[in-house]
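The values are calculated or read from the model by the stated rules, or taken from the named source; none is laboratory data. Just so we're clear, the structure is a prediction, and the values are computed from it rather than from any experiment. Neighbour counts run over all protein chains shown; Cβ positions are idealised from the backbone, glycine included. Side chains are part of the model used for accessible areas, which takes the heavy atoms of the whole protein and leaves out ligands, DNA and RNA. Shrake-Rupley method; radii C 1.70, N 1.55, O 1.52, S 1.80 Å.
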Amino acid sequence: MKRAAVYPFTAIVGQEDMKMSLILNVINPALGGVLINGEKGTAKSTAVRALAELLPAMETVHGCKFHCDPVQPNLLCEDCSLKYSKENIFAADSVKMRVVELPVSATEDRVVGTLDIEHAIKHGEKKFEAGILAQANRNILYVDEINLLDDHVVDVLLDAAAMGINTVEREGVSYSHPARFILVGTMNPEEGDIRPQLLDRFGLSVVVTGEHDPQQRVEVIKRRLAYEQDADSFIARYQDEQNDLAVKITQASKLLPQVKISDKLLETVAELAVELGVDGHRADITVIKTALTIAAFNGRNEVELEDVKAAAKLVLPHRMRRRPFEEGQLDWEKVESILAEKA
């Protein structure tokens, strides 16, 4: 059966911050995901699905419902760990990364999975019914309108994203499995806010709006009509750009562990956070991780000041202190002024 056509990532007009945030999280899933805040019709879901289609296939353990990586023995599920200790080798499948969507109405059991306690008592073995987090392992977990999701479910999601493991405990029986995914949340500010504590847990955050330049809007229309008229031909037009970007992402992932950052830039990031009055240390650490990833994406093995500036733009806005009923605002001129002093 022919796969459904997916709009090419490189054909999306504008929305550069959103596209870069998604790319950076693919290169470095440890960034902690991205929250995309914006009005309807700004290519949020299109970009997420297009990104998954862009990426090369990945190797997974044959028959594993958690899509374990056969070359990462320390990140295996319980079943694969047992098999690995006996056989020390796996049969592997090659599968495409996919987008796993979490509905707003999802319950905690639907998200984390369930344990059959009666089966455990009768047979002395664990029986686990996998949830959405199991499907999401090594994939993209997409939560549309995350601000409407139950707060407790959001907490569970963010905890799993931070730890890379999902643990379910019921009546003294527990089951754990890997849950390493790229978390992408979207929200429309007109439909409600999200708690500041949860905002801080997202690595990156971007605000998207419709294009205001008439020429850009015309280009959006032209491309969409061309895609709907003949999707295959339209996709073929962007194939070279798609391939080039996919290669660049793969190379950046390999280069990332070698990228270094100087003590001077570390001090710059710390002073920036202090000057802006950012709470805690998560912001500093995420700015540094993001700057390292940006350097890798640009093919460099050392972070530059411009990488820190680009990272600050994606990491800091949603972490600004704010009083109840007030919006936290990032004074970008102040950021540039502070960084200019360190140049």
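If you go through the range 157-164 one residue at a time, do you hit one that is charged (D, E, K, R) and either touching a residue at least 12 places away in the same chain (Cβ under 8 Å) or open to solvent by less than 60 Å² (accessible area, probe 1.4 Å) (or both)? Break it down into steps so the answer makes sense when it comes.
Filtering the range 157-164 down to residues charged (D, E, K, R) leaves 159.
Still in the list and also either touching a residue at least 12 places away in the same chain (Cβ under 8 Å) or open to solvent by less than 60 Å² (accessible area, probe 1.4 Å) (or both): none.
No, that holds for no residue.
Which residue is surrounded by the fewest Cβ atoms within 10 Å (Cβ to Cβ), if the candidates are limited to the range 27-45 and must be outside any loop (DSSP other than H, G, I, E, B) and under 11 Å from the mean Cα position of the chain (by Cα)? Walk me through it before giving the result.
The initial filter retains those residues of the range 27-45 that are outside any loop (DSSP other than H, G, I, E, B), namely 27, 29-31, 34-38, 44-45.
Filter once more, keeping what is under 11 Å from the mean Cα position of the chain (by Cα): 27, 29-31, 34-36.
Details: 27: 23, 29: 19, 30: 15, 31: 24, 34: 25, 35: 25, 36: 27.
Result: 30.
What about residue 158, is it modelled with pLDDT under 80 and either touching a Pro at 6+ places or on another chain (Cβ under 9 Å) or closer than 20 Å to residue 48 by Cβ (or both)?
Details: modelled with pLDDT under 80: yes; either touching a Pro at 6+ places or on another chain (Cβ under 9 Å) or closer than 20 Å to residue 48 by Cβ (or both): yes.
Here the answer is yes, as residue 158 does meet what is asked.
One residue is enough: does the range 214-235 have a residue meeting the conditions touching an Asp or Glu at 6+ places or on another chain (Cβ under 8 Å) and β-branched (Val, Ile, Thr)?
Looking for residues that are touching an Asp or Glu at 6+ places or on another chain (Cβ under 8 Å) and β-branched (Val, Ile, Thr), one finds at least one in the range 214-235, hence yes.
From the residues in the range 265-303 that are charged (D, E, K, R) and modelled with pLDDT under 90, which one is surrounded by the most Cβ atoms within 10 Å (Cβ to Cβ)?
Among residues in the range 265-303 that are charged (D, E, K, R) and modelled with pLDDT under 90, the one surrounded by the most Cβ atoms within 10 Å (Cβ to Cβ) is 284.
Considering only residues of the range 119-148 that are under 15 Å from residue 201 (Cα atoms) and at pLDDT below 85, which is most open to solvent (accessible area, probe 1.4 Å)?
Applying the filter and picking the extreme gives 147.
Can you tell me which residue is surrounded by the most Cβ atoms within 10 Å (Cβ to Cβ) among those in the range 46-86 that are within 27 Å of residue 242 (Cβ to Cβ) and among the acidic types (Asp, Glu)?
69
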